[in-house]
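Chemist: The structure that follows is given in the form of structure tokens.
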Amino acid sequence: ETGVTQTPRHLVMGMTNKKSLKCEQHLGHNAMYWYKQSAKKPLELMFVYNFKEQTENNSVPSRFSPECPNSSHLFLHLHTLQPEDSALYLCASSLMGGLSSYNEQFFGPGTRLTVL
Amino acid sequence: QKEVEQNSGPLSVPEGAIASLNCTYSDRGSQSFFWYRQYSGKSPELIMSIYSNGDKEDGRFTAQLNKASQYVSLLIRDSQPSDSATYLCAVNGPTGGGADGLTFGKGTHLIIQP
């Protein structure tokens, strides 16, 4: 595997379900991010993890719960979602510090989520 | 509230011509600027990054930054039909050693006409 991978690629869930999205980066990066992309809206930052520590929660509802067990893996746990949460959820990673501190972020393929 | 503004288009350019994409941002403290290309149904792909005022060239792409005017642009020379995509402008805050999320514009839909 290379780059940033995400599973599953597509997910359909009911409003009462609990599911998790998984992201893994194979780039040796130390920061990971969750973004949401809805139709006709800009990409929205959800969470930032720097060296496994959450450094930003961009006013995201508690029905979205992130987890970062190490610098290569990132999860987004979902529960009691609403239909308006249907969107493309994108994971990204970057290398912070050293000579490359400009935060170039590389995206995974995304998970297309539909909430019924 | 940081904002990044782009003309949503569509911007239609003949094949072989120069495509010019523009972006303005609101936060004067922004330090890093990026252009991503996103094909329909795919995730964003980083194509250019720029950090200093002036031009940066990479192949057929040139990014231009003017911090005084809070303006970033992307030029695509010798446009090809494969360049047809949505181009996203993204801006990062001051890098104090920590990771920052990017603020994105809504994107410009570019169509290269054969």
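Chemist: Put one equal scatterer on each alpha carbon of the stretch A:1-88, apply the Debye formula with no solvent term, and list log10 I(q)/I(0) at q = 0.10, 0.15, 0.18 1/Å to two decimals.
Modeler: -0.25, -0.57, -0.83
Chemist: What are the semi-axes of the equivalent ellipsoid for the stretch B:41-113, taken as the square roots of 5 times the Cα gyration tensor eigenvalues, largest first, in whole Å?
Modeler: Those come to 23, 16, 11 Å.
Chemist: Using a 1.4 angstrom probe, figure out how much accessible area chain A has per residue, in square angstrom, rounded to the nearest whole.
Modeler: For chain A, the per-residue accessible area is 48 Å².
Chemist: Follow-up. Beyond 28 Å between alpha-carbons counts as too far, so tell me which of A:Lys52/B:Lys2; A:Lys52/B:Lys67; A:Lys36/B:Lys2; A:Lys40/B:Lys56 fall in that bin.
Modeler: A:Lys52/B:Lys67; A:Lys40/B:Lys56
Chemist: Note every residue of the stretch B:34-50 with a reduction of at least 20 square angstrom in accessible area, all protein chains present versus the isolated chain, computed with a 1.4 Å probe, or write none.
Modeler: B:Phe34, B:Tyr36, B:Gln38, B:Ser43, B:Pro44, B:Leu46
Chemist: Pull out a ≥ b ≥ c, the square roots of the eigenvalues of the alpha-carbon gyration tensor of the stretch A:54-116, then state rounded if a/c is under 1.5, prolate if not and a/b is larger than b/c, and oblate in the remaining case.
Modeler: prolate
Chemist: For the pairing of chain B with chain A, what total accessible surface becomes buried, with a 1.4 angstrom probe, in square angstrom to the nearest 100?
Modeler: The buried area between B and A, both sides summed, comes to about 1700 Å².
Chemist: Roughly how many percent of the accessible protein surface of the stretch B:1-98 is carbon and sulfur, given a 1.4 Å probe and a whole-percent answer?
Modeler: Carbon and sulfur atoms account for 45 percent of the accessible area of the stretch B:1-98.
Chemist: Okay, next question. Treating the protein assembly as shown as a set of equal point scatterers at the Cα positions, no solvent, please give the Debye-formula log₁₀ I(q)/I(0) at q = 0.07, 0.10, 0.12, 0.16 Å⁻¹.
Modeler: -0.22, -0.46, -0.66, -1.14
Chemist: Could you name every residue in the stretch A:73-116 that has 40 Å² or more less accessible surface in the full protein assembly than in its own chain alone (probe 1.4 Å, ligands and nucleic acids excluded)?
Modeler: Residues losing area: A:Met96, A:Tyr102, A:Asn103, A:Glu104, A:Gln105, A:Phe107.
Chemist: Another question, if that's okay. Would you work out the charge dipole size for the protein assembly as shown about its Cα centre, treating the Cβ of every Lys and Arg as +1 and the Cβ of every Asp and Glu as -1, and quote it to the nearest 20 debye?
Modeler: The dipole magnitude comes to about 500 debye.
Chemist: Still on this structure, please answer the following. Pop the C-beta distance of A:Ser62 and A:Asn17 into the FRET formula with R0 = 25 Å and round what comes out to the nearest 0.05.
Modeler: 0.95
Chemist: If you don't mind, another one. Which value, in debye to the nearest 20, gives the size of the charge dipole of chain B about its Cα centre, when Lys and Arg are +1 and Asp and Glu are -1 at the Cβ?
Modeler: 140 debye
Chemist: Using a 1.4 Å probe on the protein chains only, how many percent of the accessible area of chain A belongs to carbon and sulfur?
Modeler: 51 percent
Chemist: Order the peptides A:42-51, A:6-15 from the highest to the lowest mean number of other Cβ atoms within 10 Å of their residues.
Modeler: Taking the mean over residues of other Cβ atoms within 10 Å, the ranking is A:42-51, A:6-15.
Chemist: Which far-off residues, 5 or more places away or on another chain, put their amide H under 5 Å from the one on B:Ile111, with H placed in the peptide plane?
Modeler: It is B:Leu11, B:Ser12, B:Val13, by chain and number.
Chemist: In addition: With every protein chain present, what is the per residue accessible area of chain B (1.4 Å probe, Å²)?
Modeler: 46 Å²
Chemist: What is the packing order of peptides B:50-63, B:22-35, taking the mean over residues of other C-beta atoms within 10 Å and listing the highest first?
Modeler: B:22-35, B:50-63
Chemist: Counting Lys +1, Arg +1, Asp -1, Glu -1, what net charge surrounds B:Gly107 among other residues with beta carbon under 12 Å of its beta carbon?
Modeler: Net local charge, B:Gly107 excluded: +3.
Chemist: Could you give log10 I(q)/I(0) at q = 0.13, 0.18, 0.21, 0.22 Å⁻¹ for the stretch B:1-76, computed by the Debye formula over C-alpha point scatterers of equal weight, without solvent?
Modeler: -0.41, -0.79, -1.05, -1.14
Chemist: Among residues other than B:Ala90 whose Cβ falls under 13 Å from its Cβ, what is the net charge (Lys/Arg +1, Asp/Glu -1)?
Modeler: -4
The values are calculated or read from the model by the stated rules, or taken from the named source; none is laboratory data. Quantities reported herein were computed from a predicted structural model and do not represent experimental measurements. Here Cβ is always computed from backbone atoms with ideal geometry, including for glycine, and neighbour counts include all displayed protein chains. To get the accessible areas, we keep the full protein, side chains included, count just its heavy atoms, and leave off ligands, DNA and RNA. Shrake-Rupley method; radii C 1.70, N 1.55, O 1.52, S 1.80 Å.
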